[in-house]
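Visitor: First the structure, which I've put down as structure tokens, then a few questions once you've had a look.
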Amino acid sequence: MKVGALEPRALRRRLRGPGLRLRTGPVVSCIRSPLEAVARGIALHYAAHPLEPDEAFADFHVSVERPVGLRRWWRPQVLFKLDGESPFTPLPGDQGFPILEWGLNWCITGQYHRFLTLHAAVLERGGRALVLPAPSGSGKSTLCAALALSGWRLLSDELTLIDPATGLIHPLPRPVSLKNESIDAVRRFSAAARFGQAVRETSKGTVAHMCPPLEGVQRAGEPARPGWIVLPRFAAGQGAQLQPLPKAQTLMRLVENAFNYNIHGLNGFRRLAALADASGCHAFSYGRLEEAVAVFDALAAEPAATAGAEPCP
């Protein structure tokens, strides 16, 4: 059953009662919340995602709720909890869905070590993965959203999951988080972009989530082999420029962006080195999304051998 098959009342009953067991790629999260904003966000952004039975195993048991006491009513706040404990300070009361998304990211990066996890957007074309490691503010998620709306399959806008045994990259299709000017930039870029309600005055400014395109959700069980690693940087008014990057330098950037590199130890280093070896490595700067998409479409049209996209050993 998909989330969208639930009547609104049934969805809210699950969220208020036993929890909604939501599958996103390899991860199952049991989510509970009495908040209407959370129910609306899940109904919109996760409509095509599969549900697991109530008795199924869940990797995480989380909730978004109001704190007890006066803060429940006066200048309301919201709390994210994992297994009944709150790892974060409360946020303003209208940030229920954003704190759920940020909290789920935190669970995966800090508690889920089945995969080697990078802070990087990742998409797929022709079976090859495009990995975009970059810090916040680089234009990574904006570029990811534009590519996902232009025929690239969204694997994740935030977390790249690498199987340490095979080197394959597994999808984690969830809403794309966009901030401030990026929201309108993506709206202008494509009329197909669907957004939830924008939330203002968060720690990141104005935040809005874009629904993941349907293809990425439907193909959430299909991993991709390494194809390209591109370090993006937005530069207003600048033409799109794609430049080769030495593999050793690329490897260091991958290490810097790995959340659980220390957990995987030597095997993690070898896996990242294999990812760099198997990928075409580039630095990329852009000022317009249309030009950026054209560059990546041309890159995807290159033969696999030219792109350096051989499977990992």
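The values are calculated or read from the model by the stated rules, or taken from the named source; none is laboratory data. All of these numbers come straight from a predicted model, not from anything done at the bench. Ideal geometry is used to build each Cβ from the backbone, glycine not excepted, and the neighbour counts take in all protein chains shown.
This table checks each residue for (1) closer than 14 Å to LEU178 by Cα; (2) assigned by TED's automatic domain parsing to the domain that holds TRP228.
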{"position": "ASN105", "(1), (2)": "no, no"}
{"position": "ALA120", "(1), (2)": "no, yes"}
{"position": "LEU123", "(1), (2)": "no, yes"}
{"position": "PRO133", "(1), (2)": "no, yes"}
{"position": "THR142", "(1), (2)": "yes, yes"}
{"position": "ALA148", "(1), (2)": "yes, yes"}
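Visitor: Starting from the range 139-163, keep only residues that are without any contact (Cβ under 8 Å) to a residue 40 or more places away in the chain, then list their pairs with residues that are among the polar types (S, T, N, Q) and in a strand (DSSP E or B) whose Cβ atoms are within a distance under 8 Å, requiring at least 6 positions of separation or different chains.
Guide: ASP157/SER177
Visitor: Of all the residues that make up the range 287-302, how many are within 20 Å of ALA129 (Cβ to Cβ), of a type outside the set (A, V, I, L, M) and not in a loop (DSSP other than H, G, I, E, B)?
Guide: Here the count works out to 2.
Visitor: Now, a different point. Looking at the range 241-267, which of its residues are at pLDDT 95 or above and among the small types (Gly, Ala, Ser)?
Guide: Listed by number, the residues that qualify are ALA248, ALA258.
Visitor: Taking the residues in the range 127-150 that are at pLDDT 95 or above and assigned to a loop (DSSP other than H, G, I, E, B) as candidates, determine which candidate is nearest to the chain's Cα centre (by Cα).
Guide: Per the stated criteria, the residue is LEU149.
Visitor: Among the residues of the range 71-123, what is the count of those that are assigned to a strand (DSSP E or B) and in contact (Cβ under 8 Å) with a residue 12 or more places away in the chain? Step through it out loud before you land on a result.
Guide: The first filter runs over the range 71-123 and keeps only residues assigned to a strand (DSSP E or B), leaving 77-82, 85, 91-92, 116-123.
After this cut, where a residue has to be in contact (Cβ under 8 Å) with a residue 12 or more places away in the chain as well, the list is 77-82, 91-92, 116-123.
Residues that pass the stated criteria total 16.
Visitor: In the range 151-184, how many residues are acidic (Asp, Glu), part of a loop (DSSP other than H, G, I, E, B) and more than 14 Å from the chain's Cα centre (by Cα)?
Guide: Number of matching residues: 1.
Visitor: Now, a different point. Output the residues belonging to the range 196-250 that are of a type in the set (Lys, Arg), surrounded by 14 or more Cβ atoms within 10 Å (Cβ to Cβ) and in a strand (DSSP E or B).
Guide: ARG225, ARG233
Visitor: Report, by residue number, each residue of the range 1-50 that is among the β-branched types (Val, Ile, Thr) and crowded, with 18+ Cβ neighbours inside 10 Å. Break it down into steps so the answer makes sense when it comes.
Guide: Step one: of the range 1-50, the residues among the β-branched types (Val, Ile, Thr) are 3, 24, 27-28, 31, 38, 42.
Answer for the range 1-50, where residues must be among the β-branched types (Val, Ile, Thr) and crowded, with 18+ Cβ neighbours inside 10 Å: VAL3, THR24, VAL27, ILE31, VAL38, ILE42.
Visitor: Has the range 38-52 got any residue that is part of a loop (DSSP other than H, G, I, E, B), touching a Pro at 6+ places or on another chain (Cβ under 6 Å) and more than 14 Å from GLY84 (Cα to Cα)? Even if it seems obvious, please write down each step before you answer.
Guide: Initially, the range 38-52 is screened for residues part of a loop (DSSP other than H, G, I, E, B), giving 46-49, 52.
Now restrict to residues that are touching a Pro at 6+ places or on another chain (Cβ under 6 Å): none.
Within the range 38-52 (the criterion being part of a loop (DSSP other than H, G, I, E, B), touching a Pro at 6+ places or on another chain (Cβ under 6 Å) and more than 14 Å from GLY84 (Cα to Cα)), the answer is no, since none of the residues qualifies.
Visitor: Also, quick follow-up: If a residue must be in a strand (DSSP E or B) and not hydrophobic (A, V, I, L, M, F, W, C), how many such residues does the range 251-264 contain? Quick ask: steps written out before the conclusion?
Guide: So the first thing to find is which residues in the range 251-264 are in a strand (DSSP E or B), and the list is 258.
Next, from what is left, pick out any that are not hydrophobic (A, V, I, L, M, F, W, C): none.
Count: 0.
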